[in-house]
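Undergrad: Shown below is the structure under consideration.
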Amino acid sequence: MDPSPTPPITLRRATLADAPAFARTMGHPAVLGNLLQLPHASAELWSARLSESLALGRPDLVLVAECPDEHGEPQVVGNAGLHPAAPALRRRHAMSLGIAVHPDAQGRGVGLALMQALCHWADHWGQVLRIELSVFADNTRAIALYQRCGFHQEGRHVGYALRDGHYADCISMARLHPAPPRWDATPPAGAG
């Protein structure tokens, strides 16, 4: 017997109305331990964070993934974003990536869809040469997803972050634009 079909995944830009879904996903005990977040983040806190990232003129890209619930209504099941790695002019080519998928939707292609959308935007629209991320060294599932999307390990940070009362190692990973845009100085045929 074939497994049940994977429900369609819809991606869209996040809005302030998604703050409760961010709090629900990022605060889930099965998700929180793999993030560099603190417990008990409220919808109000996520609303404030989203308000900053979504402000006019900000270069951030924040996406949500939706799948239909048992009634066919869209339900936010994951989120991901690209954020400036630093405000310095010499680091404008780099963005930091964060992603979270609710446990009920894990293993259904949500993470891959979000990663592919972020990488496509970075490569074709965002003028991003380098996407960076940190991942707990024991999060093998996430590491495999990142590698599948072209990320490579750059280093290991020993005792990098406190996680549930213990210091844990993280791995830094990055993906470089596979074919950085160039400007062809040759005028097009028929020009000038």
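Undergrad: With springs only between Cα atoms under 10 Å, which of N139, N79, N34 fluctuates most in a Gaussian network model of the chain?
TA: Ranking N139, N79, N34 by mean-square fluctuation puts N139 first.
Undergrad: Over the chain, what is the mean sequence separation of C-alpha contacts under 8 Å (at least six apart), divided by residue count, expressed as relative contact order in percent?
TA: On the way: 306 pairs, mean separation 32.1, N = 192.
The value is 17 percent.
Undergrad: Can you tell me the order of 178-189, 110-121 when each peptide is scored by its average per-residue count of other Cβ atoms within 10 angstrom, highest first?
TA: Highest to lowest by the protection proxy: 110-121, 178-189.
Undergrad: Based on the alpha-carbon gyration tensor of the stretch 46-158 and its eigenvalue square roots a ≥ b ≥ c, which shape applies: rounded if a/c is under 1.5, prolate if not and a/b is larger than b/c, or oblate?
TA: oblate
Undergrad: Shifting gears a bit: What ranking, highest mean first, results for peptides 35-45, 124-134 when packing means the other Cβ atoms within 10 Å averaged over each residue? Spell out each step's value before the answer.
TA: Values: 35-45: 13.5, 124-134: 17.3.
Ranked from most to least packed, the peptides come out as 124-134, 35-45.
Undergrad: Counting only other residues whose beta carbon sits under 15 Å from that of P84, what net charge do I get with K and R as +1, D and E as -1?
TA: Working: positive: R49, R58, R90, R91, R92, R130; negative: E52, D60, E132.
Result for the neighbourhood of P84: +3.
Undergrad: Less than 11 Å Cβ to Cβ from G33, Lys/Arg counted +1 and Asp/Glu -1: what total charge do the surrounding residues give?
TA: Values: positive: R163; negative: D138, D164.
Residues near G33 contribute -1 overall.
No value in this document is a laboratory result; all are computed from the given coordinates. What you see is a predicted model; the values in this text were computed from it and never measured. Note: ideal-geometry Cβ built from the backbone for every residue, glycine included; neighbour counts use all protein chains shown.
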